[in-house]
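Contents: one structure, followed by commentary.
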Amino acid sequence: MRPILCLFFIIAQLIVRGQSQSSPPAASPPPAASPAATTPPAGGGPGSTNPPAQPAPVVRKGNFETEFKMKSGSYLGFGQVNLGLGEVAVKVTVFCENKQSKGSRLEFRINSPKGKKSRRIGTLKIPYTGDTTYNLKMTGNSKYSFGVHDLYLVARGSQFSITAISFETDY
């Protein structure tokens, strides 16, 4: 069963990457302007050359290949997860730049993200991580976390990001 879950997450990451990538570059370079249509170089005579301005690179902190921005009430859902006899652990890599993130947490719920059908099987407190990511692990073994259920990761409190999720067997 574990190889199937790993394959599922690989496929999910490929789908997310495909949706977040920009369109491919054009197959041929743009046509060159004719000499009559060019403008003289700025600030100089006929012999001066100014290199074209390069845009500044965008600097982003953390691992943003796969990022799920979570705010209070948002959730990620996984259908028909086999929690076995409660020996499944969920490892989550989080990223939180908000220093006032007191009370941020990630709830693990089965069957529904909210309402009467929903049952909370665990909670992780999300710490302030600055510009790094942090690994958290929620182990099962609750009296309700066995068998096959829809699993929901529900955000509460301040905003944070999830950059990786993995299911592990925890014997």
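General observations
Residues are listed down the side, and each one gets a yes or a no for (1) more than 14 Å from M70 (Cβ to Cβ); (2) in a loop (DSSP other than H, G, I, E, B); (3) free of Cβ contacts under 8 Å to residues at least 40 places away in the same chain; (4) of a type outside the set (K, R):
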{"site": "K116", "(1), (2), (3), (4)": "yes, yes, yes, no"}
{"site": "L124", "(1), (2), (3), (4)": "no, no, yes, yes"}
{"site": "S158", "(1), (2), (3), (4)": "no, yes, no, yes"}
{"site": "I165", "(1), (2), (3), (4)": "no, no, no, yes"}
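- Test: residue in region 104-125 that is of a type in the set (S, T, N, Q) and touching a Cys at 6+ places or on another chain (Cβ under 7 Å): yes
- Among residues of region 101-138, those that are modelled with pLDDT of 85 or more, more than 19 Å from E87 (Cβ to Cβ) and either aromatic (F, W, Y) or touching a Pro at 6+ places or on another chain (Cβ under 6 Å) (or both), counted: 1
- Residue among R109, R120 that alone is without any contact (Cβ under 8 Å) to a residue 24 or more places away in the chain and either more than 21 Å from Y134 (Cβ to Cβ) or loosely packed, with under 13 Cβ neighbours inside 10 Å (or both): R120
- Selection of region 129-156 for residues being of a type in the set (G, A, S) and part of a loop (DSSP other than H, G, I, E, B) yields G130, G140, S142, S145, G147.
- Identification of strands (runs of 3 or more DSSP E) wholly contained in region 49-100 with 2 or more residues that are at pLDDT 65 or above, surrounded by 10 or more Cβ atoms within 10 Å (Cβ to Cβ) and in contact with an Asp or Glu (Cβ under 8 Å, 6 or more places away or on another chain) yields 75-82, 88-95.
The values are calculated or read from the model by the stated rules, or taken from the named source; none is laboratory data. Keep in mind it's a predicted model, so treat the numbers as computed, not measured. All Cβ positions, even for glycine, are placed from backbone atoms using ideal geometry, and neighbour counts span all protein chains on display.
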